[in-house]
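Read the figures in this text as sums done on the coordinates, not as results from a lab. Since this is a predicted model, take the numbers as computed values, not measurements. Reconstructed Cβ throughout: ideal geometry from the backbone, glycine too, with neighbour counts over all protein chains shown.
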């Protein structure tokens, strides 16, 4: 196994008139050779401090516990496919890290070496190493890594600033186009989609892009209004209109004059409310409860509904005439599982939001965690994803959020597998998850409902080892 080392920026002695905040710490990784201590000492003279770890596992641990911006890798003449696989495992841990290779001059005749360097490294140096040139390359690599990290953050911010929504998939691009077109109109809109897909955000985006943007946006939960109070909630009431009406009160529609009323879950609106809403859409005026006078009100109506909108009409949950009045324009919001890599973009946004104000111990997602996020079907959509990522960020013990921290099991796919193979994989995943969520073998076995002996056999059968669990088993 090749030697691995981490290198971090050394704190220098700066003039008193320089602010300490002007300087940054940097951590690097370096699979090395016998003179790694000599290299570390030479680099220290150029402002870099080396923390040496003896194998790729320690290097990955270093990546997961620190913000890594630059890596140094030694590729000697015995470079092999196995070595490449081990190094790629380290390189793939962090998208923010730029890597520099130190190679034997004779190995540069190898096409395999050249291809590997071209694909995965920022720069390379041949032995014997010119420390000043290496330090110069480290500075450039560090700058490139920071620039790449900033551009990725700005891209996520730009996406988030577009209508307050996140996602660059083709499915969401169509939604963005619909938002822009619909915002120019004053016609009623139905936003249809599963729970947690962001229907209210889309309604707010339509309002925000329209000429009504400076006027109120009022969201009303249709399922939370008792039928006896619908008219009062929508249109207001006069004093004495009913028992408890001790003063005059305006309703949601009048409060939103000139703006937008968002009716969330229109299929949950009681029948009397649907009749009242239909009348308002036809007449464009309202009559407060207890009053005999009607007055015109200018508001735009946006309603949200489940994807089975027409089924709701067919079963009578929504009046057919109300449906046709509301459904002048419609936006169909895709579920998260149909949005390509949007789940990763959204997850990184939530991690960035979690990190705001944290100068130290900022979290980030590992590549395996991102792969797990993209493989999960998200029945609760963005709302479930937000809860999952926030929980993982809080509970993760290192600065790198792993797939285990997410607490998700990838959905099984047949892919030609037999039932026995699928069952074995499910057992393996259950054991891994139980071990990750437990402090000892005993508690993991109890969680699974098996004996410790059975759990040890399952671990041996599936070649499962979990550092940090065995030594506390009891």
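Counting other beta carbons within 10 Å of each residue's own, what order do 260, 315 fall into, fewest first? Mind showing how you got there, number by number?
Details: 260 24, 315 10.
Final ranking by Cβ density, sparse to dense: 315, 260.
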Label point distance in nm, residue 356-residue 41, each placed 7 Å from Cα along Cα→Cβ: 4.9
For 250, 100, order by how many other beta-carbon atoms lie within 10 Å, fewest first: 250, 100
Residue 282 paired with residue 439, simple spin-label distance in nm, labels 7 Å along Cα-to-beta-carbon: 6.7
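Once the Cβ-Cβ distance between residue 425 and residue 325 is put in as r, and R0 is 60 Å, what FRET efficiency do you end up with, to the nearest 0.05?
After rounding, the FRET efficiency stands at 0.70.
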Estimated FRET transfer efficiency when R0 is 30 angstrom, pair residue 221-residue 375 (beta carbons, to 0.05): 0.35
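Given a Förster distance of 51 angstrom, what is the FRET efficiency for residue 118 paired with residue 463, based on the Cβ-Cβ distance and rounded to 0.05?
Efficiency computed from Cβ-Cβ geometry: 0.90.
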Cβ-based exposure ranking for 211, 125, in which fewest neighbours within 10 Å come first: 211, 125
Virtual spin-label span in nm between residue 451 and residue 228, 7 Å along Cα→Cβ: 6.3
